[in-house]
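Heads up, the thing below is written out as structure tokens.
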């Protein structure tokens, strides 16, 4: 589970928010094999005070396992990862039987329309090119979660 350094969030043991705090939080799963990207996204979310419980995974296999347990509302998924790429992960997430279906943002340094078409077919809702600015990330997350930033 990700932890927000300066964000005044109070966790119980096991990473859960206490009391009604968890009821107001959306669940965000960040998936990337680059620890620096995981940390960057988590820090932007935490420092801007977005209403997310954050968990991370470093490959598609770990992300699928985490998604089954955590049931995220939004995922930010890197396209190129070991063990299972982001598009295969999108397809598998879409086939999970829980509802509502999470919003999936795929990020990649490849900026071709062919990749975006593949991502859409796999179940992605949005494409976020790498590198991205904090404002682009915030906009994508807000759009996916239906919140204002």
The stretch 108-119 - residue that is surrounded by 15 or more Cβ atoms within 10 Å (Cβ to Cβ) and part of a helix (DSSP H, G or I) and, of those, nearest to the chain's Cα centre (by Cα):
119
Kindly list, by first and then second residue, each pair from a residue in the stretch 63-85 that is more than 22 Å from residue 145 (Cα to Cα) to a residue that is assigned to a loop (DSSP other than H, G, I, E, B), limited to pairs with Cβ atoms under 6 Å and residues at least 6 apart or on different chains.
81/33; 81/59; 82/33; 82/59; 83/59
Only residues that are more than 16 Å from residue 85 (Cβ to Cβ), surrounded by fewer than 17 Cβ atoms within 10 Å (Cβ to Cβ) and in contact with a strand residue (DSSP E or B) (Cβ under 6 Å, 6 or more places away or on another chain): list them for the stretch 120-149, please.
none
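Bear in mind these aren't lab numbers, they're just calculated from the coordinates by the rules spelled out. Values in this document were obtained by computation on a predicted structure and should not be read as measured data. Reconstructed Cβ throughout: ideal geometry from the backbone, glycine too, with neighbour counts over all protein chains shown.
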